[in-house]
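Report on one structure; see the data block that follows.
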Amino acid sequence: MPGTIASDGVFLHVEDRGSGDPILFLHEFAGDTASLDQQLDYFAGRFRCIAFNARGFDPSAAPDHPEQYGLSRAGQDLEDVLDDRAVRSCHVVALSLGSATALPFAISRPERVRSLALVSWGYGMDPEGNAEFRRQSLLGAELIESDGMAAFVDLYERSPVRDACRSREPDRFRALMARMRARSPAGSALTLRRLQALRPPLDEALLSEVRRCRVPTLIVTGDEDPPSHGPSLALHAALPDSELHVLRGGGHTLYLERPDELNGIIEAHLERSASRASRPDGTVLPTAPNLDGPAPASREASPWH
């Protein structure tokens with residue numbers, strides 16, 4: 001089985017296909033490398049595509065010690081995979097949970113990130129909702145620990161932000177939820193406790209760090225994914241070199257709901273990033289938001305993303 005042994009000895013399942021400039025894909029909480037097949041298949045014709053299952057997501061190992069999970073540990077896993085694959089720098093495409101790892105990595109290790117794409121980004125990072133997001137994440141962990149993954153997923157799959165995927169791609173959505181039900185309960189609960197619940201608010205202190213980031217960044221959200229809207233707009237305003245796309249009719253699972261459209265947006269971003277990198281003067285052109293449709297009024301949504 002292909003994989004990387006992280007620096008603390010934990011096995012990480014890795015997919016590595018194609019050739020060319022490398023792209024590292026980071027999955028969301030509901031997903032894994034298997035759910036990224038439409039992205040990996042599309043980009044592997046031109047790029048080297050690397051994706052790995054975060055610790056706690058089978059078939060990666062799921063250690064049962066809380067100290068083996070966390071935001072800094074997730075960033076180290078990202079770097080361990082790149083080192084193991086002899087990749088000095090790459091493009092990073094991150095979905096939801098993966099974005100919470102990718103952005104700090106781009107800020108702290110910009111020499112390793114050629115460009116950054118954050119899809120369905122920012123859950124729980126609105127300063128006004130951060131405490132509630134933390135509370136709900138801990139409740140989700142408690143539900144898994146008391147009643148198991150099936151009980152958790154039965155609640156999770158009814159989230160309004162999953163409506164678009166459930167109605168547009170029912171077979172893929174059922175497969176996504178089935179893999180989630182089969183996942184390690186300990187790994188999922190510790191991910192909720194040590195990554196989701198500890199996700200920082202996008203407050204002025206964090207924004208001051210974001211403003212130092214010069215990595216070309218794409219931000220994509222759906223207009224039916226309201227918890228992502230505020231953080232996405234704030235991040236776009238703070239990042240010196242960013243573009244924002246809001247997809248009309250899109251929920252939280254854009255990579256399954258709208259794969260062709262999302263892949264095209266990411267591909268154009270990669271081409272623009274390569275063009276900017278080739279400019280001798282390093283010119284950065286600000287990009288206005290691309291609003292494919294208006295954002296609706298906020299609706300209650302499950303926080304476990």
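The values are calculated or read from the model by the stated rules, or taken from the named source; none is laboratory data. Only a predicted model underlies this, so the values are computations on that prediction, with no experimental measurement involved. Backbone-built Cβ (ideal geometry, glycine too); neighbour counts: all protein chains shown.
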**Message:** Need pairs with beta-carbon distance below 6 Å; first residue basic (K, R) and in a helix (DSSP H, G or I) and within segment 132-154, second surrounded by fewer than 21 Cβ atoms within 10 Å (Cβ to Cβ) and at pLDDT 95 or above; sequence gap 6+ or separate chains.
**Reply:** R134/A197
**Item:** Members of segment 112-165 found to be among the aliphatic types (A, V, I, L, M) and in contact with a His (Cβ under 7 Å, 6 or more places away or on another chain), listed by number
**Value:** A117, V161
**Complete:** Only one of L233, L244 is surrounded by fewer than 24 Cβ atoms within 10 Å (Cβ to Cβ), modelled with pLDDT of 95 or more and part of a helix (DSSP H, G or I), namely L233
**Complete:** Per the list (1) closer than 22 Å to L116 by Cβ; (2) over 18 Å from the mean Cα position of the chain (by Cα); (3) touching a residue at least 40 places away in the same chain (Cβ under 8 Å), residue check on T217 breaks on (2)
**Asked** What residue, among those in segment 155-182 that are over 19 Å from the mean Cα position of the chain (by Cα) and not in a helix (DSSP H, G or I), is surrounded by the most Cβ atoms within 10 Å (Cβ to Cβ)?
**Response** E169
**Message:** Quick test for you: out of A277, A238, A288, pick the one residue that is at pLDDT 95 or above and more than 21 Å from S159 (Cβ to Cβ).
**Reply:** A238
